[in-house]
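Worksheet for the structure shown next.
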Amino acid sequence: MNIDLPKTPTSQQHEVLRVENLKVDYGPIHAIKGISFSVHRGEVVSLIGSNGAGKTSTLRALSGVLPCQGSVVLNGKDITKLPSHKRVALGLAHSPEGRGVFPNLTVHENLLMGAFSINDRALIAKNLEKGFSRFPRLRERRNQLAGTLSGGEQQMVAIARALMISPELLLLDEPSLGLAPLIVSQIFEVIQELNALGTTILLVEQNARLALKKSHRAYVLETGQVKLSGFSKDLLDNDEVQKAYLGG
Amino acid sequence: MQDLIQHLINGLGLGAIYALIALGYTMVYGVLQMINFAHSDVYMVGAFAAYYAARWFNLESMPGVVSFAILLLAAITGCALLGLLIERFAYRPLRNAPKLNILITAIGVSLLLEYSGQVIFGADPKVFPEVLNNTPLFEMAGVSFKLFDFLVIGVGLVAMAVLHFLIYHTKQGRAMRAVSVNPRVASILGVNVDRTIVFTFVLGSALAGVGSVLVGVKYPKIEPLMGMMIGLKAFVAAVLGGIGNIMGAVLGGLIMGLSEEMVVAYLSSTYRDAVAFGILILILIVRPSGLLGRNQTEKL
Ligand SMILES: Nc1ncnc2c1ncn2[C@@H]1O[C@H](COP(=O)(O)OP(=O)(O)OP(=O)(O)O)[C@@H](O)[C@H]1O
Ligand SMILES: [Mg+2]
């Protein structure tokens with residue numbers, strides 16, 4: 001695969017997301033045991049780690065569908081206790097693990113669901129058009145029920161849907177899950193393109209090599225804790241990371 | 001032949017009524033995966049709301065479509081309000097409780113309404129206000145077409161058309177469909193799931209209100225336990241169509257209404273209620289997911 005290292009963004013100062021001492025419990029199970037990390041404007045930051053490390057739980061806590069302890073600050077505003085549907089209005093978008101498309105809604109309706117928090121019809125129409133030109137395949141299938149789409153197309157729906165609010169921060173949970181290599185590289189091209197246009201992204205991936213190649217910085221999660229963090233290109237060369245996550 | 005047409009009209013009217021009530025069961029099941037056993041009693045309260053509105057405004061002295069509309073409005077308002085309260089105070093606190101607790105609560109709410117009804121309205125039956133005259137509108141081929149037959153079927157159709165519009169062509173309706181398959185994803189997209197559930201209860205209850213007035217017009221005897229049998233039949237209609245499926249509830253209701261009418265007409269009225277349970281048993285054996293039932297949808 002032909003890979004360009006993303007350029008380090010210039011405006012590293014502004015913190016879009018600041019997470020301090022985040023903890024998530026499922027009853028007696030401590031899934032996240034107090035992690036801290038940040039995402040700066042214009043960055044792609046990846047969270048990598050093996051199965052059950054707590055990546056999805058972290059994203060769910062960020063978008064408010066899981067109760068958590070600690071603090072989550074989005075653009076300077078503490079949103080730790082904010083219900084999930086109110087976080088969207090602050091520019092937080094989430095493309096969930098397993099895509100979470102609504103199978104009983106058409107592609108078009110799925111995208112409109114992404115714009116649920118927006119009332120400006122002209123803006124919705126504009127963002128819809130952007131989504132369709134980014135994923136022409138979806139335009140062809142706009143009136144088809146999303147449940148009938150292929151996995152790759154559903155992933156496109158999930159991303160296009162999250163983009164309907166032109167998010168301040170885009171959370172992507174395993175966009176490569178279960179997709180053929182060709183589709184994966186297409187999806188990652190879109191991710192890079194979005195970032196080049198200024199979208200800040202927090203990317204969760206099991207495919208550590210891909211994630212590290214496509215992000216500026218990364219955090220390595222292991223059983224609910226941050227094991228390592230740093231610039232992605234450094235982590236790619238790191239012995240520990242190579243052994244544990246890059247198969248060599 | 002005249003008989004058959006007359007029975008078809010009656011059956012359709014009855015079916016429209018079953019469908020209206022079945023829609024409430026199916027919509028609530030759609031968003032919460034629970035059977036709202038109190039729904040049949042919401043329907044009963046609708047009939048009484050109309051009854052008291054008629055007394056208050058002395059509607060029987062001015063029969064006509066306007067009075068009929070006022071009855072509808074009273075029943076819809078009463079039911080919508082009650083549905084909202086039930087959701088807020090009985091079901092919402094149990095949103096994350098085990099299914100069994102919710103089921104028991106639903107039965108509890110139902111009993112509460114039935115027996116409070118007996119205390120407040122009195123246990124003896126009351127006569128539903130007669131605001132539509134029963135004289136034939138016109139006769140054709142020996143069949144007499146009555147105004148209320150048209151109104152029952154017409155109002156039923158209009159109510160279902162409005163519902164269809166709300167569910168398939170509005171933002172709230174879209175959110176409702178989204179919540180029914182995946183509330184968590186709906187909420188990360190900005191949907192207030194609680195509000196959507198309230199919307200569903202209000203809508204379903206309002207339809208039960210419409211149903212209660214139509215029944216009152218057709219069979220003018222109301223009492224606090226009137227919801228039990230019709231609620232059970234509407235529930236069977238919802239299961240027959242495929243619980244959770246909107247078109248299924250309409251289809252199920254019509255099938256139930258028509259078959260009941262035909263069995264009573266051509267076999268014996270003894271079997272009036274047996275039809276419903278016969279259909280229920282049959283559907284559970286042959287096609288448990290119902291005629292239009294969807295397969296288990298995948299979740300996050
Ligand atoms: N609903 C739940 N109830 C109980 N435990 C859970 C639940 N969801 C997740 N867990 C546990 O929390 C831990 C973290 O899970 P999580 O889904 O966040 O991991 P992940 O890093 O996303 O894994 P994967 O790469 O497989 O998606 C796991 O040990 C998991 O078993
Ligand atoms: Mg995961």
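Computed from the coordinates by the stated procedures, all read-outs in this text should not be read as laboratory data. Computed from a predicted structure; not experimentally measured. Quick reminder, even Gly has a Cβ in these numbers, built from the backbone with ideal geometry, and neighbours come from all protein chains shown.
Could I have the simple spin-label model distance between B:VAL198 and A:LEU90, label points 7 Å from Cα toward Cβ, reported in nm to one decimal?
Placing both labels 7 Å beyond Cα along the Cβ direction yields 2.3 nm.
Give me the extension gain from B:MET228 to B:MET34: residue separation times 0.36 nm, minus the current Cα-Cα distance, reported in nm with one decimal. Present the calculation step by step, with values, prior to reporting the outcome.
Details: separation 194, 0.36 × 194 = 69.84 nm, distance 1.79 nm.
Working it through step by step, the gained length comes to 68.0 nm.
Expressed in nm to one decimal, what extension gain is obtained for the pair A:GLU222 and A:GLU189 from 0.36 nm per residue of sequence separation less their Cα-Cα distance?
On the way: separation 33, 0.36 × 33 = 11.88 nm, distance 2.77 nm.
Gain on extension, A:GLU222 to A:GLU189, equals 9.1 nm.
Separation between the B:LEU73 and B:TYR266 pseudo-spin-labels, each 7 Å from Cα along Cα→Cβ, expressed in nm?
4.3 nm
Suppose only helical runs count, i.e. DSSP H with n ≥ 4. What mean residue ellipticity at 222 nm does that imply for chain A under -39500 (n - 2.57) per run, divided by all residues and rounded to the nearest 500 deg cm²/dmol?
Computed ellipticity for chain A at 222 nm equals -10000 deg cm²/dmol.
By DSSP, what percent of the beta bridges with both residues in chain A are antiparallel, rounded to the nearest 5? Let's see the in-between values first.
On the way: 23 of 41 bridges.
The antiparallel fraction comes to roughly 55 percent.
Rounded to the nearest 0.05, what FRET efficiency do A:ASN21 and B:SER116 give with R0 = 56 Å and r taken as the Cβ-Cβ distance? Could you check?
Numbers: r = 51 Å, r/R0 = 0.90.
E(calc), rounded to 0.05, equals 0.65.
Assuming a ≥ b ≥ c are the square roots of the Cα gyration tensor eigenvalues, decide whether segment A:65-215 counts as rounded (a/c under 1.5), prolate (otherwise, with a/b larger than b/c) or oblate.
oblate
Over all pairs of distinct alpha carbons, what does the Kirkwood formula give as the hydrodynamic radius of segment A:103-166, in Å? Write out the running numbers ahead of the final one.
Working: mean 1/r = 0.0887 Å⁻¹.
11.3 Å is the Kirkwood radius here.
Need one word for segment B:220-270: rounded, prolate or oblate. Basis is the Cα gyration tensor (sqrt eigenvalues a ≥ b ≥ c); a/c below 1.5 gives rounded, then a/b vs b/c decides.
oblate
Quote the charge dipole size of segment B:38-147 about the Cα centre in Debye, to the nearest 20; the model charges only the Cβ of Lys and Arg (+1) and of Asp and Glu (-1).
460 debye
Beyond 20 Å between alpha-carbons counts as too far, so tell me which of B:LYS126/B:LYS146; A:LYS213/A:LYS243; B:LYS99/B:LYS171; A:LYS23/A:LYS81; B:LYS99/B:LYS233; B:LYS146/B:LYS233 fall in that bin.
From B:LYS126/B:LYS146; A:LYS213/A:LYS243; B:LYS99/B:LYS171; A:LYS23/A:LYS81; B:LYS99/B:LYS233; B:LYS146/B:LYS233, over 20 Å: B:LYS126/B:LYS146; B:LYS99/B:LYS171; B:LYS99/B:LYS233; B:LYS146/B:LYS233.
For chain B, just say rounded, prolate or oblate: build the C-alpha gyration tensor, square-root its eigenvalues into a ≥ b ≥ c, call rounded for a/c under 1.5, and beyond that prolate if a/b exceeds b/c, oblate if not.
Prolate shape, in that a/c is at least 1.5 and a/b is the bigger ratio.
Cut-off 17 Å, label point 7 angstrom out along Cα-to-Cβ of A:SER50: give me the residues of segment A:219-247 whose amide nitrogen falls inside.
A:220-228, A:239-247
Loop-only trypsin sites (Lys or Arg not before Pro) in segment A:27-125, please: DSSP not H, G, I, E or B, and at most 14 other Cβ atoms within 10 Å.
Those that pass, being in a loop and sparsely packed, are A:LYS81.
Cα centroids of segment B:240-276 and segment A:31-93: how far apart, whole angstrom?
52 Å
With charges only on Cβ, +1 for K and R and -1 for D and E, what is the dipole size of segment A:204-248 about its Cα centre, in debye, rounded to 20?
Dipole about the Cα centre, nearest 20: 180 debye.
Nearest 0.05, what FRET efficiency do A:ALA180 and A:LYS130 give at R0 = 22 Å with Cβ-Cβ as r?
Computed FRET efficiency for A:ALA180 and A:LYS130: 0.30.
I want to check the label-to-label distance for B:ALA123 and B:ASP3. Put each point 7 Å from Cα in the C-beta direction and report it in nm to one decimal.
4.0 nm
Between 0 and 90 degrees, rounded to the nearest ten: what's the tilt of helix B:193-218 against the longest Cα principal axis of chain B?
Compared with the principal axis, the helix lies near 10 degrees.
Provide the FRET efficiency to the nearest 0.05 for the B:ILE281-B:LEU84 pair, computing r from the beta carbons and using R0 = 45 Å.
Working from the Cβ atoms, E equals 0.80.
Taking each residue in A:109-116, count the Cβ atoms of any other chain within 10 Å of its Cβ, then average. What number comes out?
Partner Cβ neighbours, averaged per residue: 5.
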